[in-house]
Structure formats: C-alpha cells, structure tokens
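Right, one structure below, let's go through it.
The values are calculated or read from the model by the stated rules, or taken from the named source; none is laboratory data. None of these values were measured; they are calculated from a predicted model. Cβ: placed from backbone, ideal geometry, glycine included. Neighbour counts: every protein chain shown.
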Ligand code: 13P
C-alpha cells in the first residue's frame, strides 16, 4: 500500500468544494428507475444514459469523482472511446462500486447484510488495471420496530472495514458508506441515535482492521426525520443534528465526509448541505461534501427519457444540480440559484 498515494487521492476528491457523482446503480436499480419513466431497460439504454452523463460539458467544474458500476466501467461511448477515458478527459477521477448488494441477513427479519467480500482482492486489482482510483461499498441499516439489531450493525460494520482494508492494500481509496435509511415514520432523534451507534461501530471496526483513516472518505446519511414522520425539522435543525453526530463520532484524521442523498429532493439535499457548511465549515476538521446519485441525476433522467434529442437539455439539468451542490459545499448555495 502506498499511503501517500491514497492520501493524495482523497485530497483530490474533496478539493475545491467539489463532490462525487454516484452513477453506480446496479442494472436492477437502473432498470427500475428507467421503468418508472417508461424508458426501455437494456444494456444499450443504460450505456446511452451513462454517456449522456459523462459527456456533460463542464461537469468536472463541480464533480471530482464519479462512481461507476461494473457494467459501465467496461463500456465505451458510441464512438468507441472507453467510458473511463471520457471521464478522465473531463478531469474526473473514476471510481467503482464493488459490493454485490444488500441481501437478507439470516436470523434477522427485516435487516440486510451487504455481500461481496469473497474474491474481492482479485476484483479490486482488476479495477485498478482499468483505471479506478477509489471504490464504494454501501451497507444498509433499517430503522423499524426493534431494529436495527446489534447483530446487523456489527456484521455490516465488520464487512465495511474488511472491504476498506482490502481497498487500501490495492491502492484504492475506500468510500465507506453506512446508510441509515430514511424510510419510516421515526423521528429525527431516533435517526440521530441510530446513526451515532452505527458510526461508532464502523470506526471501531476500521481501527480493528487497521484501516488508515487519512485514506478513506466516509459516506453517511444526513440525520433526518423518517419520510413519513409527521414532524419534519427545518433545514438548519437537520444541519445541526447531522454535524453534532459527526463531530462525536468521526475522527479528525478523516479528510472528507461526502453525504448520500437517500431519497431527499435535489433542492433539499443542497439546502441542508449548504446549511451545514454555512454554520460549521470554519470549525470542522473534515470537508463536508456530497456523493449524490438521485439528488443530482433525477431531473436529468426525467428530461433525457431515453431520447437522443433530449441529451443537451438533460446535460444542462445535470450540470445545474452539480453546480448547486458545489455551491452548497462552499456554503454559497441559495434557492435563488434554482430559478436561473
Ligand atoms: P443516493 O444519493 O440516491 O442516495 O445514492 C447515493 C449512493 O451512492 C447510494 O449508494
């Protein structure tokens, strides 16, 4: 492992108020999003969609790294240019999702364990050869009646740490993503308690597995009330709750925290990230940025709709959401930007 190389990559990923674009939906998830809009679901439409994204003019002004799915990292643009080359030519660092999905955890009804550790060392080495510089693994924690359980949290924290250690051995920066889902009617307070517990377990396991914290990026959920909770706190209250939990649990050695959006609207995700940076940026040991999928892609996907003739308009929408989030990372976003 070359520690300095890992540190350099993490620095590059969080520099200049830029953030990450997650475009690593599995075929199943991507097809589901296409189906909801009546877009044909096949390899060619997925390829065309990803080509639309990576050829967005100026995307590299706001996006430092793009997380790809296995199918995409092996694909080419229509003109034969490898997708990875198109990304690097745009000044964006290519990354890769390496988990193989969240499966039911035996003995734990309603809970998931993320799989993919078997054979991971070989797969990581292959992705390095293909040009990837960082990787992602997502663990899923559900809040519900009597859950999450200790068994679920510990199993997922352990897997995240094993994955992170393997990534660093291969020279890839691990994005460590423990996602506490926002589905449900739980309160913000409950999300705060669960997020704190999960992050404590994750950092404990990262330490146990000898992961170098200077060479990771944490990708957590924001601390939010459940989607169907009657009480929905203000943007500033969410920002305060989120930063308070992160200050308690994330060591200062970690260079960057890049949030997932988790089903929030694009505008809310930007507003909440902005509030965190406005209120706390000068006092934080780590960069607070974004690693959104839906909160960047959704408007562009709806405009594109599988039509070549819509590409340019879709790219403008994508560029706009990416630019709003870069502004939010700098604490310079305001809702007036949405009207331009
Ligand atoms: P969302 O921003 O849509 O939650 O996706 C982020 C991600 O990469 C989930 O793994």
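Of all residues in the range 254-268, those that are within 17 Å of residue 177 (Cα to Cα) and either more than 10 Å from the ligand (Cβ to nearest atom) or in contact with a strand residue (DSSP E or B) (Cβ under 8 Å, 6 or more places away or on another chain) (or both) total 9.
Just to be sure before I move on: is residue 221 crowded, with 20+ Cβ neighbours inside 10 Å and within 16 Å of the ligand (Cβ to nearest atom) in the structure I sent?
Numbers: crowded, with 20+ Cβ neighbours inside 10 Å: yes; within 16 Å of the ligand (Cβ to nearest atom): yes.
The answer is yes for residue 221.
Residues that are buried (at least 17 other Cβ atoms within 10 Å of the Cβ) and within 16 Å of the ligand (Cβ to nearest atom) were ranked within the range 99-109; the one that is nearest to the chain's Cα centre (by Cα) is 99.
The residues listed here are 56, 72; of these, the one that is crowded, with 21+ Cβ neighbours inside 10 Å and in a loop (DSSP other than H, G, I, E, B) is 56.
Quick one: would you say residue 96 is within 16 Å of the ligand (Cβ to nearest atom), surrounded by 15 or more Cβ atoms within 10 Å (Cβ to Cβ) and within 22 Å of residue 6 (Cα to Cα)?
Working: within 16 Å of the ligand (Cβ to nearest atom): yes; surrounded by 15 or more Cβ atoms within 10 Å (Cβ to Cβ): yes; within 22 Å of residue 6 (Cα to Cα): yes.
Yes: the conditions hold for residue 96.
The rows are residues; the columns are (1) modelled with pLDDT under 95; (2) closer than 27 Å to residue 26 by Cβ; (3) in contact with a strand residue (DSSP E or B) (Cβ under 9 Å, 6 or more places away or on another chain); (4) away from the ligand (no atom under 15 Å from the Cβ).
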{"residue": "237", "(1), (2), (3), (4)": "no, no, no, yes"}
{"residue": "241", "(1), (2), (3), (4)": "no, no, no, yes"}
{"residue": "252", "(1), (2), (3), (4)": "no, no, no, yes"}
{"residue": "276", "(1), (2), (3), (4)": "no, no, yes, yes"}
{"residue": "280", "(1), (2), (3), (4)": "no, no, yes, yes"}
{"residue": "284", "(1), (2), (3), (4)": "no, no, yes, yes"}
{"residue": "290", "(1), (2), (3), (4)": "no, yes, yes, no"}
{"residue": "294", "(1), (2), (3), (4)": "no, yes, yes, no"}
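Screening 259, 290, 280 for residues that are closer than 30 Å to residue 164 by Cα, surrounded by 16 or more Cβ atoms within 10 Å (Cβ to Cβ), more than 19 Å from the chain's Cα centre (by Cα) and touching a residue at least 24 places away in the same chain (Cβ under 8 Å) leaves exactly one candidate, 280.
Please tell me if residue 322 is within 25 Å of residue 31 (Cβ to Cβ), within 16 Å of the ligand (Cβ to nearest atom) and touching a strand residue (DSSP E or B) at 6+ places or on another chain (Cβ under 6 Å). Before the answer, list the steps.
Details: within 25 Å of residue 31 (Cβ to Cβ): yes; within 16 Å of the ligand (Cβ to nearest atom): yes; touching a strand residue (DSSP E or B) at 6+ places or on another chain (Cβ under 6 Å): yes.
Considered against the rule, which asks whether it is within 25 Å of residue 31 (Cβ to Cβ), within 16 Å of the ligand (Cβ to nearest atom) and touching a strand residue (DSSP E or B) at 6+ places or on another chain (Cβ under 6 Å), residue 322 comes out as yes.
For residue 64, are the conditions met, namely being within 16 Å of the ligand (Cβ to nearest atom) and crowded, with 20+ Cβ neighbours inside 10 Å? Here the answer is yes, as residue 64 does meet what is asked.
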